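> Structure in structure tokens, see below.
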Amino acid sequence: MIFYVFLDGVGLGKKDPDKNPFSRFSEGFLKALGGYPSSVPMAVTDANMGMPGLPQSATGQTAIWTGINPLPRLERHVSGFPTITLRKMIFEASVLKLLSEEGKEVHFSNCYTDGYLEHSQNKPKLVSASTLVQIATGKPLKSMEDLRNGKGLYMDLTHEILREVAKLSPDDPLFERKNPYEQGKSWKSTAPNADLLLFEYFLTDKAGHAMDWDFAKKCIADLEEFFRGLLDALNPAQDLLLVTSDHGNLEDLSTKVHTSNPVATLAYGKNAERVLSHIHSLPDIVPQIYSELDCNNSLSRLDRFRNDWLKV
């Protein structure tokens, strides 16, 4: 099984506790983001993808979820929600779509509130690239019912934010504060036969834009507990964990905008070193997933999609 975790807005920063919260707070899996030696294999990964300017969410996430570099076509970094062109790329080359069409069991593990599911239906152009990667499969996004049934995760890991946005009553089982360690440890059980599980955590980007040290400290603590639980649960001889980001932000709280820092792609488990040796830029990650899952058809289709988009 491959676990693919996307952390929004997390670059590879310098060792500077005055600017970098990872330098000040990280004690585990993410310590390399604070400028310390990595305790897990890591590849320095180009988030600019060969284009000058600050990396942005829509283009970076499209590359992360499809394996296509959209910048030669767009000639600019795109923030916010995907453009029509980016949406077409995702609907054509979503990693979940291609793998499911090759017979693999794949899951976007994030569960959504009823309000967001309604929003995604009514305003489909105002959803993120990460949400589109699942919508592209033609299968529904996971709901609160899926969360109650143990079939997914909520983005804040502890449900403290979920209580507010979903207006949960204290007698709702989802109201109880969740332990990030247990969330990581149980992630595999949400879909025990899956070939690929994806999870998005975007609070890191919010903390970075807010320049909020307390928020950053909580995000880092929750994530490191989550990864500690996940590493305790996975079998490194059979499972592979991949973690990356779309651009820098949280690693430098002296500014509220994105940074030009590279991002780290972290890997642990089966063939981690081999996989990382092929990752230099964001579009390099998805092809490695196809290779690890022996999905040659998906690799061939991706090559054709890349060539077609460059020709148009």
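The values are calculated or read from the model by the stated rules, or taken from the named source; none is laboratory data. The shown structure was predicted, so the numbers you read here are calculated from the model rather than taken from an experiment. Neighbour counts run over all protein chains shown; Cβ positions are idealised from the backbone, glycine included.
> Checking Asp205 against (1) assigned to a helix (DSSP H, G or I); (2) surrounded by fewer than 20 Cβ atoms within 10 Å (Cβ to Cβ); (3) of a type in the set (D, E, K, R); (4) in contact (Cβ under 8 Å) with a residue 12 or more places away in the chain, only one condition comes out false. Which one?
Of (1) assigned to a helix (DSSP H, G or I); (2) surrounded by fewer than 20 Cβ atoms within 10 Å (Cβ to Cβ); (3) of a type in the set (D, E, K, R); (4) in contact (Cβ under 8 Å) with a residue 12 or more places away in the chain, only one is false for Asp205: (2).
Here is a yes/no grid of residues against (1) in contact (Cβ under 8 Å) with a residue 12 or more places away in the chain; (2) among the hydrophobic types (A, V, I, L, M, F, W, C):
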{"residue": "Ser169", "(1), (2)": "no, no"}
{"residue": "Arg177", "(1), (2)": "yes, no"}
{"residue": "Tyr181", "(1), (2)": "yes, no"}
{"residue": "Lys188", "(1), (2)": "yes, no"}
{"residue": "Ala210", "(1), (2)": "yes, yes"}
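> What are the residues in segment 29-53 that are part of a loop (DSSP other than H, G, I, E, B) and either surrounded by 17 or more Cβ atoms within 10 Å (Cβ to Cβ) or in contact with a Leu (Cβ under 9 Å, 6 or more places away or on another chain) (or both), if any? I'd like the intermediate steps shown before the answer.
Within segment 29-53, the subset part of a loop (DSSP other than H, G, I, E, B) is 29-30, 35-41, 47-53.
Phe29, Leu30, Gly35, Ser38, Val40, Pro41, Ala47, Asn48, Met49, Gly50, Met51 - these are the residues of segment 29-53 that are part of a loop (DSSP other than H, G, I, E, B) and either surrounded by 17 or more Cβ atoms within 10 Å (Cβ to Cβ) or in contact with a Leu (Cβ under 9 Å, 6 or more places away or on another chain) (or both).
> Still on this structure: Have a look at Val263, Val243 and point out the one that is surrounded by 22 or more Cβ atoms within 10 Å (Cβ to Cβ), among the hydrophobic types (A, V, I, L, M, F, W, C), within 19 Å of Met155 (Cα to Cα) and within 15 Å of the chain's Cα centre (by Cα).
Within the list Val263, Val243, the selection yields Val243.
> Quick one: count up the residues across segment 177-202 that are surrounded by 16 or more Cβ atoms within 10 Å (Cβ to Cβ) and more than 22 Å from Glu164 (Cβ to Cβ).
13
> Still on this structure: Are there any pairs with C-beta distances below 7 angstrom linking a residue in segment 37-54 that is on the phi < 0 side of the Ramachandran plot to a residue that is surrounded by fewer than 20 Cβ atoms within 10 Å (Cβ to Cβ) and of a type in the set (S, T, N, Q), with the two at least 6 apart or on different chains, and if so which?
Thr45/Ser281; Asp46/Ser281; Asn48/Ser260; Leu54/Ser260
This table checks each residue for (1) modelled with pLDDT under 95; (2) farther than 16 Å from Glu27 by Cβ; (3) of a type in the set (A, V, I, L, M).
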| site | (1), (2), (3) |
| --- | --- |
| Met211 | no, yes, yes |
| Phe215 | no, yes, no |
| Ala221 | no, no, yes |
| Glu225 | no, no, no |
| Pro236 | no, yes, no |
| Asp239 | no, yes, no |
| Asp246 | no, yes, no |
| Asn261 | no, yes, no |
| His278 | no, yes, no |
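> I'd like to check something: does segment 211-225 contain any residue that is among the basic types (Lys, Arg) and surrounded by fewer than 18 Cβ atoms within 10 Å (Cβ to Cβ)?
yes
> Please work out which one of (1) without any contact (Cβ under 8 Å) to a residue 60 or more places away in the chain; (2) touching a Leu at 6+ places or on another chain (Cβ under 9 Å); (3) outside any helix (DSSP H, G or I); (4) of a type outside the set (Gly, Ala, Ser) is the condition Asp294 fails and give its number.
Only one criterion in (1) without any contact (Cβ under 8 Å) to a residue 60 or more places away in the chain; (2) touching a Leu at 6+ places or on another chain (Cβ under 9 Å); (3) outside any helix (DSSP H, G or I); (4) of a type outside the set (Gly, Ala, Ser) is unmet by Asp294, namely (2).
> Restricting to segment 160-179, and then to whatever is out of contact with any helix residue (DSSP H, G or I) (no Cβ under 6 Å at 6 or more places or on another chain), not in a helix (DSSP H, G or I) and not basic (Lys, Arg), can you tell me which residue is modelled with the highest pLDDT?
My answer is Asn179.
> Please state which one of Thr85, Thr66 is under 25 Å from Arg301 (Cβ atoms) and without any contact (Cβ under 8 Å) to a residue 24 or more places away in the chain.
The unique qualifying residue is Thr85.
> Please find, among Ser39, Ser26, the residue that is more than 21 Å from Val275 (Cβ to Cβ), of a type in the set (Ser, Thr, Tyr) and more than 14 Å from the chain's Cα centre (by Cα).
Ser26
> Determine the pairs where a residue that is in contact (Cβ under 8 Å) with a residue 12 or more places away in the chain, located within segment 264-279, has a partner that is of a type in the set (Ser, Thr, Tyr) and assigned to a loop (DSSP other than H, G, I, E, B) with Cβ atoms under 8 Å apart, the partner being 6 or more residues away or on another chain.
Ala264/Ser38; Ala264/Ser245; Leu266/Ser38
> Check segment 209-217 and report whether any residue there is over 16 Å from Val5 (Cβ atoms) and in a loop (DSSP other than H, G, I, E, B).
yes
To keep it simple, each residue is scored yes or no on (1) closer than 30 Å to Cys295 by Cα; (2) aliphatic (A, V, I, L, M).
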{"residue": "Gln121", "(1), (2)": "no, no"}
{"residue": "Val127", "(1), (2)": "yes, yes"}
{"residue": "Leu141", "(1), (2)": "yes, yes"}
{"residue": "Lys151", "(1), (2)": "yes, no"}
{"residue": "Leu157", "(1), (2)": "no, yes"}
{"residue": "Asp171", "(1), (2)": "no, no"}
{"residue": "Glu182", "(1), (2)": "no, no"}
{"residue": "Tyr201", "(1), (2)": "yes, no"}
